[in-house]
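Everything below concerns the one structure shown next.
The values are calculated or read from the model by the stated rules, or taken from the named source; none is laboratory data. Just so it is clear, the structure is predicted and the values come from calculations on it, not from any experiment. Cβ: placed from backbone, ideal geometry, glycine included. Neighbour counts: every protein chain shown.
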Amino acid sequence: MKPARIEYRIAGKSYEVIAGEHETVLDCALRNSIPAPYSCMEGVCSSCTALVLEGEVEDFVGHAPIEARVQTCQMRIKPGCPKLILDYER
Ligand code: FES
């Protein structure tokens, strides 16, 4: 199976990387030195929020989010999803 990819659109630039299997979307960004916004890393402040343009995410217990805007520190790419695209501007 091809590794899943995550594309981050931040401040007019896009960054595409291979997703780690169990890491959050935010942790994947930080591991790859992508300038994704964040603060608390605990799902409280919402500074890491991004809009899911394509693909699917889930939380730590496998639940899909209710809205398309998600807290990236609390979400990971859904297993089997080939690509996730996130927009931090909207
Ligand atoms: S960094 Fe605070 S909610 Fe994600």
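What the table shows:
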| item | result |
| --- | --- |
| Failed criterion for Pro35 (all others in (1) modelled with pLDDT of 95 or more; (2) crowded, with 16+ Cβ neighbours inside 10 Å; (3) in contact with a helix residue (DSSP H, G or I) (Cβ under 9 Å, 6 or more places away or on another chain); (4) not β-branched (Val, Ile, Thr) hold) | (2) |
| Residues (hydrophobic (A, V, I, L, M, F, W, C), in contact with a strand residue (DSSP E or B) (Cβ under 9 Å, 6 or more places away or on another chain) and farther than 18 Å from Glu7 by Cβ) located in the stretch 45-79 | Cys45, Phe60, Ala64 |
